[in-house]
Amino acid sequence: LKMSWFWFYLPLRLLMVACLCHSIKAPTTSSRQSFQTDLFNFYHSLILADGKEMTIHLLKDIPKRYYFVLEERRTLSPFTITVTPCDVPIEWSILEHKASASFLGKAARGDRDTQEVSKSQKAPSMVSTIFNYKGNSVETYMGMSSHSTLYMLEFLSTERDTHITVYLTTDTTSGHLYPELPMDPRIDVIGIGHTTVTLTWKHSPSVLQHRENIQYCLLVNEKHNYKSLCAAETAIRSSGMKLPPTLALSLSPYLLEPQQVMILSNSELSIINKVSSGEVRQICMGTKNTYTVPSLSPSTQYYFDVFVVNLLTNASAAYTGTFARTLEEPEPKVTELKDGKVIQVVLHGKKQKFYSLQYQARHKKIQFTFQLCRGQVQVHITKNGKTVASENISGLRYFSLKGKLLDTYLVQLRSTEESNSSVKVQVSPHFHKPLFPLLPESLKIKSFSKLRTCNSVTIAWLGTQEESKYCVYKKRIEEDQVWMELQSADRCSGPESRHKSEKVLCKYFYDINLQRAVTTETIKGLDAGTLYLFDVYLFGPSGIPVRYHSKVVKTRKKC
């Protein structure tokens, strides 16, 4: 097999060397001189395959050359070369070397007298640059030749290491590797909403001819348009993640990386890549040429690229990309706050929307109180348009503010988690009548492992310098319920939400010395080897409770 390949390429190599020996006066340009010099070293050069897409890797500032030969024919022989940059702009050119048919025939046969001919006569030949291009667009050169011609393709990247794909074919009658684009390859934006954009594009002729083997894939991102699928995949990989080979063939969940989410519904495949610059969405929708992109962010500019993909060859063609900006979100409804009144707000985590509250001051000094009930909440307060407070809150938080009469305060609340959050809010000018009780340094409940028995548990919690009421509740739970109980606990709910059988006791205590403001309680009558959830509720003068952080304790199995 190796010998057969040797004899296959030997005439071609002799042809090239012979062409060099019998060329006319060398061109003055450096590229043409380089071209002839390369012919001497052709034994170590690369042949460009006919009818096969090749991936070529380029090192920065180092040119790479490929060669191919067209044999002499009676009629004009067409050929096409398509080059797809997969990252940065590149420079590439095509040079041709023509010589007389009789001389090339002798060279191809390896005639010994070719050396003598080179000394006594000059075969008519010519080296010329027939095409050159610089950029990052997909470019196709279509040529015709009736002579025996040697072609050289030279590629150069001046920005950084990169890779490209090259496709050469001399057979233009047996179909296309790349799907065809319509005469008008633009993408039209026919609808824009707050979170959606509707696109349409003209059908590819390939879809109409080979519907079962062709499909459309859409790429959505917030950065810029991509001129090829190859360039899009390279950009996503450079963001620190791997990507399945092509959009069209990314149909198996095992190909996905941890930063990817795949959604398959209504015969549409969506892959969401989490990258540093935001989401990059890939949607393959079969042969539909109208699509509404859902779940976008309001007032955000998105770039849309459509690729028509041949499922049999993996080859693709890019429509002319477009962009659109989603509509601004309508001003949120503003709720008026009234002095002393407590309201509870539920915030939707997935929507990440701000909930707005407004208050017009009737006193110079006011106090906002926030009690976090569930999740995590961000609070942003402005006075007459200027920010006076902004932070993520936990537990109970007070903001004491000074201003003028009739100052307008705007409170904006947002969940910082994907799950829903909730918070209680109150504004009041009455500092001497706090709505919520005085809180200890920590709202944690401590259990004593050494004091655990088969039927009892001892817990402790901190108190304050103010005499207050504390109520203890217990609940029997299973192992698989622990996480859900702790995550779903509503820290604003009081004992009224608990079953009467869960109540253990209520007690009053305080201590002027905060170092001694600690109380313990031993809960008896428990079952051996069982998990219990313990809660403590603190009641202030107004009767509004504050719930300590729940504590899970397991009694001993054997004693």
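Just one of the numbered conditions (1) under 35 Å from the mean Cα position of the chain (by Cα); (2) under 28 Å from PRO440 (Cβ atoms) is not true of LEU396: (1).
Among the residues of the range 66-113, those that are at pLDDT below 80 and acidic (Asp, Glu) comprise GLU71, GLU72, ASP111, ASP113.
Considering only residues of the range 160-189 that are touching a residue at least 40 places away in the same chain (Cβ under 8 Å) and over 30 Å from VAL69 (Cα atoms), which is most open to solvent (accessible area, probe 1.4 Å)? So the residue we want is ARG186.
When THR555 is tested against (1) open to solvent by 10 Å² or more (accessible area, probe 1.4 Å); (2) closer than 25 Å to GLN487 by Cβ; (3) of a type outside the set (A, V, I, L, M, F, W, C), just one condition goes unmet, and that condition is (1).
Per-residue answers, yes or no, for (1) touching a helix residue (DSSP H, G or I) at 6+ places or on another chain (Cβ under 6 Å); (2) open to solvent by 60 Å² or more (accessible area, probe 1.4 Å); (3) not polar (S, T, N, Q):
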| residue | (1), (2), (3) |
| --- | --- |
| PRO429 | no, no, yes |
| SER442 | no, no, no |
| ILE445 | no, no, yes |
| SER449 | no, yes, no |
| THR453 | no, no, no |
| LYS469 | no, yes, yes |
| ARG476 | no, yes, yes |
| GLN481 | no, yes, no |
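Reported count of residues in the range 114-146, each being modelled with pLDDT of 75 or more, assigned to a strand (DSSP E or B) and of a type in the set (A, V, I, L, M), is 4.
Determine whether the range 406-429 contains at least one residue that is within 22 Å of ALA389 (Cβ to Cβ), hydrophobic (A, V, I, L, M, F, W, C) and free of Cβ contacts under 8 Å to residues at least 60 places away in the same chain. There is at least one residue in the range 406-429 that is within 22 Å of ALA389 (Cβ to Cβ), hydrophobic (A, V, I, L, M, F, W, C) and free of Cβ contacts under 8 Å to residues at least 60 places away in the same chain. When the range 321-364 is limited to residues that are open to solvent by less than 70 Å² (accessible area, probe 1.4 Å) and in contact with a Pro (Cβ under 6 Å, 6 or more places away or on another chain), the one that is modelled with the highest pLDDT turns out to be THR326. Of all residues in the range 522-545, those that are in a strand (DSSP E or B) and open to solvent by 10 Å² or more (accessible area, probe 1.4 Å) total 5.
For the condition open to solvent by 20 Å² or more (accessible area, probe 1.4 Å) and of a type in the set (Val, Ile, Thr), what is the one hit in VAL423, VAL388, VAL377? Spell out the reasoning first.
Values: VAL423 fails: open to solvent by 20 Å² or more (accessible area, probe 1.4 Å); VAL377 fails: open to solvent by 20 Å² or more (accessible area, probe 1.4 Å).
Going through VAL423, VAL388, VAL377 in turn, just one is open to solvent by 20 Å² or more (accessible area, probe 1.4 Å) and of a type in the set (Val, Ile, Thr): VAL388.
Entry remark, the range 391-403: residues being assigned to a strand (DSSP E or B) and either at pLDDT below 90 or open to solvent by less than 10 Å² (accessible area, probe 1.4 Å) (or both) number 4 in total.
The values are calculated or read from the model by the stated rules, or taken from the named source; none is laboratory data. None of these values were measured; they are calculated from a predicted model. Note that each Cβ is placed from the backbone with ideal geometry, even for glycine, and that neighbours are counted across all protein chains shown. These area figures cover heavy atoms from the full protein model, side chains too; ligands, DNA and RNA do not enter into them. Shrake-Rupley method; radii C 1.70, N 1.55, O 1.52, S 1.80 Å.
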